[in-house]
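As structure tokens, the structure follows; a few thoughts come after it.
The values are calculated or read from the model by the stated rules, or taken from the named source; none is laboratory data. Keep in mind it's a predicted model, so treat the numbers as computed, not measured. Glycine gets a Cβ as well: all are built from the backbone with ideal geometry, and neighbour counts include every protein chain shown.
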Amino acid sequence: MTESNQRIIDADDKGLDAGLALFDEAKVRRIIKKVVDEEASPRLKAYLSTCVHCGLCSDSCHYYLSRDKDPAYSPAGKVKECLLPLISGKKITPAILKKAAVVAYTRCNLCKRCSLYCTLGVDIAYLISVVRRICHLCGVVPHYIQDTANSHSATFNQMWIKDDEWLDCLYWQEEEAREEMPEISIPVEHEGADVMYSVIGPEPKFRAQLIYQAAVIMEKAGINWTFPGTRGWDNSDMCMYTGDYETMGRLKKAHFDTAIRLKVNRIVMGECGHAFRSVFDTGNRYIGWKTPPIPIVHAVEFYHELLTENKITIKKKLATPVTFHDPCNIVRGSGLHEMARTVVGHICETLIEMEPNREHNFCCGAGGGVINCGPPFKNERVLGNRVKAEQLMAAKAKGADIVITPCHNCHGGLEDIIQHYGIDMEIKFLSDIIYETMEI
Amino acid sequence: MSHTLYAFMTGLGFQLALAICLAGTLFKLGLFFKRVIKKDAAFLTFFSFWYASRSILFHLIPFASRNSRLNPQMTTISTIFHAAVITLPLFYSAHAVLLSDSGILFLPRFPEIVSDTLAVAGVAALLFFMGRRLLLRDVRFISSLMDYLLLGSLMVLFSSALWARFQMPGFLLASLIHIIAGNLLIASIPFTRLSHIFYMPITRGYAGSEFGGVRMVKDW
């Protein structure tokens, strides 16, 4: 048996086990009935009724392709493995519920690629989300992602960052930046600014240099901007992925309320995919907005604006050949692939494309909250994305030494793939290269 | 006895099958939209006839979508199968005679070579579909008893049609089997996977509306 066709059968996760210790079949059935009959869209039953089991979605899934075409990893196969046993009316055991949770949380990135490959338009990601919702209400959620959701609920950010720590981080980065540009400041709580810049929790926690870089870019572009000094600065949202929609609604409301309080014209978001999905597409709907109440601008769109309107100047393009990984949530989530390539064209001399790309890209394997399920499922995640490693290797063979991706989750996912498969490539954000190549 | 059954199946039986199909479809669609109004405001808000039509069109035109290009055999064969199963009930001469005699529809009739070719191609396509279901690991994994029964029923429908058409021994029985199978399949449309006939514009259409109207990206 090769590495890639070992199916991970029994996952040891204390979050799942703690939830299953309280298993009560009658309660689980009530939850399933509530979700399916009261909460879920009637599309759920339409999808299940209309799917003709043709298997044409199989090859769209990176898990299926990477796991030597094991049918349990095909999109329709995953629905069979996790949703159907819960709604079939047959006995539900702790083992069945655990398997449903493992499949739904760790074997599907909700990347929606299969929706492009199903003639009938069956939205597998939606079906998997329904299973996650059921598991959330049953309290059967992987420990690491649940901890993140708890952090969201308690602190309104995903990294347990306290309010004063957020401000400390901004002042620290301002100090760092002043060594390079003595006049620079990182504005906080500046009412009436044009832009509220929001980031995800891991930026102040692990990647604080991105805040510094953003400040330099804003300063040089002459943007009237501000960071919020209060809760609402974090645009990320793992609750959207655990199935905790109530907390998702609270998070998005806090984010929009903060922008409205600051009377800004628009929210510019850092380079993150899932947060964009939550703010631009999912969270706003939950709290009743057809579109976000304030225009949402992803970093890719913002950099595109700065570069095409000559608000910043690139002194010398990066000579090292690069490849570009399309984050699902801004490509299939917002069609930003061409803008991203324009940005890359402004800052890099050579772009080597991976195939397939743009809206047909393969996910990084980290999205949909899968990377947030933590170490117990890392092996599953990395083995489930051999096709991405092959794409990267092919780009490397053509000369690409750097992979750019404007998404935090993609960075995490690609880092693990690069390490596991031994690919000699560096991963960068667009802002890393803009900062490196712009006139300061 | 068989004459009485034949008369029933081409008369009242057919009308009954059609009525069950139409009533069932209306019931299912009515229930769907009733629930949409109650539970899924996003569906009504984001459904766009423009983007839905665009998506449906690109997924129906052979080789327009990437997946149809990646699976040329399946695309060709399923296109031919659907052409046969949609047109033959209306334009095959014997069906057209029955329809015009009943005063329901007066339609042009296929030349025999066209309908014979389509019917043979339909049987070949069904054998291909059955082969996929039995031999391809991923398709077999998700196949249920109902999927095999549905394919089997269609196989009976097409092969009995050819049997009767070429008047092979026992063709009267074959034509009776064909008519019964046809009526049963028509009546089963709203209650089986054949419901994709009327659900597809909704499901693919909504996917197209979300991708095109909200996410500004093509979905084929």
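Checking the stated criteria, residue A:165 turns out not to satisfy the condition of being surrounded by fewer than 17 Cβ atoms within 10 Å (Cβ to Cβ), more than 22 Å from the chain's Cα centre (by Cα) and not in a helix (DSSP H, G or I).
Listed here are the residues, each with its yes/no results for (1) surrounded by fewer than 20 Cβ atoms within 10 Å (Cβ to Cβ); (2) more than 8 Å from every other protein chain (Cβ to nearest Cβ); (3) touching a helix residue (DSSP H, G or I) at 6+ places or on another chain (Cβ under 9 Å).
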residue	(1), (2), (3)
B:140	yes, no, yes
B:152	yes, yes, yes
B:157	no, yes, yes
B:166	yes, yes, yes
B:172	yes, yes, yes
B:185	no, yes, yes
B:205	no, no, yes
B:208	no, no, yes
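The condition of being outside any helix (DSSP H, G or I) and outside the structural domain of residue A:110 (by TED's automatic domain parsing) holds for only one of A:387, A:403, that being A:403. Candidates in region A:63-80 are the residues that are surrounded by fewer than 23 Cβ atoms within 10 Å (Cβ to Cβ) and more than 9 Å from every other protein chain (Cβ to nearest Cβ); of these, the one that is nearest to residue A:148 (Cα to Cα) is A:65. Among the residues of region A:305-344, the ones that are in a loop (DSSP other than H, G, I, E, B) and in contact with a Ser or Thr (Cβ under 7 Å, 6 or more places away or on another chain) come to 6 in all. Would you confirm whether any residue within region B:53-61 is without any contact (Cβ under 8 Å) to a residue 12 or more places away in the chain and at the interface with another protein chain (Cβ under 9 Å from one of its Cβ atoms)? Within region B:53-61 (the criterion being without any contact (Cβ under 8 Å) to a residue 12 or more places away in the chain and at the interface with another protein chain (Cβ under 9 Å from one of its Cβ atoms)), the answer is yes, since at least one residue qualifies. Within region A:7-28, does at least one residue satisfy the condition of being more than 12 Å from chain B (Cβ to nearest Cβ), closer than 25 Å to residue B:133 by Cβ and at pLDDT below 95? Checking region A:7-28: at least one residue is more than 12 Å from chain B (Cβ to nearest Cβ), closer than 25 Å to residue B:133 by Cβ and at pLDDT below 95. The residue pairs whose first member lies in region B:131-157 and is within 17 Å of residue B:177 (Cβ to Cβ), whose second member is of a type outside the set (A, V, I, L, M) and in a loop (DSSP other than H, G, I, E, B), and whose beta carbons are closer than 8 Å, counting only pairs six or more residues apart or on different chains, are B:150/B:192.
One residue stands out in region A:260-288 among those that are buried (at least 24 other Cβ atoms within 10 Å of the Cβ) and among the small types (Gly, Ala, Ser): the one that is modelled with the lowest pLDDT, namely A:283. The set of residues from region A:126-170 being without any contact (Cβ under 8 Å) to a residue 24 or more places away in the chain and within 14 Å of chain B (Cβ to nearest Cβ) is empty. If you go through region A:88-116 and keep only what is buried (at least 18 other Cβ atoms within 10 Å of the Cβ), part of a loop (DSSP other than H, G, I, E, B) and within 14 Å of chain B (Cβ to nearest Cβ), you end up with A:110, A:111, A:112. Apart from one condition, residue A:205 fits all of (1) touching a His at 6+ places or on another chain (Cβ under 9 Å); (2) surrounded by fewer than 22 Cβ atoms within 10 Å (Cβ to Cβ); the exception is (1). So which residues in region A:83-135 are at positive phi and not hydrophobic (A, V, I, L, M, F, W, C), if there are any at all? Listed by number, the residues that qualify are A:89, A:112, A:121. Residues of region A:397-411 that are under 19 Å from the mean Cα position of the chain (by Cα) and either surrounded by fewer than 19 Cβ atoms within 10 Å (Cβ to Cβ) or at pLDDT below 95 (or both): none at all. Among the residues of region A:340-353, the one identified as under 29 Å from residue B:70 (Cβ atoms), surrounded by 21 or more Cβ atoms within 10 Å (Cβ to Cβ) and more than 14 Å from every other protein chain (Cβ to nearest Cβ) is A:344.
Among the residues of region B:147-178, those identified as of a type outside the set (Lys, Arg) and closer than 13 Å to residue B:92 by Cβ are B:157, B:158, B:161, B:162, B:164, B:175, B:178. Among the residues of region A:308-319, is any within 13 Å of chain B (Cβ to nearest Cβ) and at positive phi? No, the conditions are met nowhere in region A:308-319.
All conditions in (1) more than 25 Å from the chain's Cα centre (by Cα); (2) surrounded by fewer than 24 Cβ atoms within 10 Å (Cβ to Cβ); (3) closer than 27 Å to residue B:44 by Cβ hold for residue A:35, with the sole exception of (1). Return yes when residue A:291 is surrounded by fewer than 22 Cβ atoms within 10 Å (Cβ to Cβ), modelled with pLDDT under 95 and either under 22 Å from residue A:411 (Cα atoms) or within 11 Å of another protein chain (Cβ to nearest Cβ) (or both) and no when it is not. Taking the combined requirement at face value, the residue satisfies it.
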